[in-house]
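Here's the structure we're looking at; comments come further down.
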Amino acid sequence: MLRKQLLRQSRAVSEAFTSTSASSLPQLRRAHFSSSPLTASLRPSPSSTLPSRWVSRRYQSTDAEKKTQEETPATDDAKSPEQAKEDAHKAELEKKNKEIIDLKDKYLRSVADYRNLQDRTKRDMDSARQFAIQKFAADLLESIDNLDRALTAVPDSALGKSDGTSTTSTESTGEGSSSTPDKDLVALHSGLRMTEEILLNTLKKHGLERFDPTEGSGRKFDPNTDEATFFTKVDGKEDGDVFFVQSKGFKLNGRVIRAAKVGVVKNS
């Protein structure tokens, strides 16, 4: 019996579905589902529509942000090669400018060093040329001094250069002395004088000169050119005056190679 009833109901349901048109079928379905308590419970309430809007808006905003984010990298990628090339050119230009500045500084320094070397070499060559005979001249000074001492050792009276005050004395010699000078001595003295003059002139050509602090009217003591050997009181002289020359000084091209040894007045 139960089976017969179930078959009858199934047949009735099938006939009802077949008899309904295609247009009335969605309405029946909507009515069927709307009438069911399950669908009513699953239907969203009016209060739940607001969050759905927010969610949709949120999805829309995120999508827009994604689109802008996707578009902006494209533009950055399009500009980045040119900007990278420009930055590379700027960096290379700055590097080249620094290299140019460094090379210019090195060049100027090299030129300055070379010019300083030229000037120093020229000074050294001039100094070597001017003072090459300094040692040789210093060795000749003693010979010149001895020659000068020999000339000053002969008195003027022996050379017939008397000033009228000389007298002849017969007591000391026991013989009649004549006022005539010795010709041989005069000839020797004049020969030595000529030899000295020639030697000094030759040395003067090479820059060696002799100076006498007492020449002319005399002068004050100069520590740069003179060497004081003693001090003493002298009437009629001022302090610091040179009154005696023990040995004359010599200069080689303006450089003092031997100072004059002198006596200096000191009255105080």
Please give the strands (runs of 3 or more DSSP E) falling wholly within segment 205-268 in which 1 or more residues are over 15 Å from Ala138 (Cβ atoms) and open to solvent by less than 40 Å² (accessible area, probe 1.4 Å). 208-211, 226-232, 242-247, 260-265
What number goes with the only condition from (1) among the polar types (S, T, N, Q); (2) free of Cβ contacts under 8 Å to residues at least 24 places away in the same chain; (3) under 21 Å from Ala150 (Cβ atoms) that Thr214 does not pass? (2)
Matching residues in segment 162-196 - criterion: being exposed (fewer than 13 other Cβ atoms within 10 Å of the Cβ), within 30 Å of Phe211 (Cα to Cα) and modelled with pLDDT under 75: Asp163
Of the residues Asp139, Asp126, Asp156, which is over 30 Å from Thr180 (Cα atoms) and open to solvent by 70 Å² or more (accessible area, probe 1.4 Å)? Asp139
Surrounded by fewer than 12 Cβ atoms within 10 Å (Cβ to Cβ) and modelled with pLDDT of 80 or more: is that true of Arg149 in this structure? yes
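The values are calculated or read from the model by the stated rules, or taken from the named source; none is laboratory data. Model, not experiment: these values are computed from the prediction. Quick reminder, even Gly has a Cβ in these numbers, built from the backbone with ideal geometry, and neighbours come from all protein chains shown. Ligands, DNA and RNA are excluded from the accessible area calculation, which covers all protein heavy atoms including side chains. Shrake-Rupley method; radii C 1.70, N 1.55, O 1.52, S 1.80 Å.
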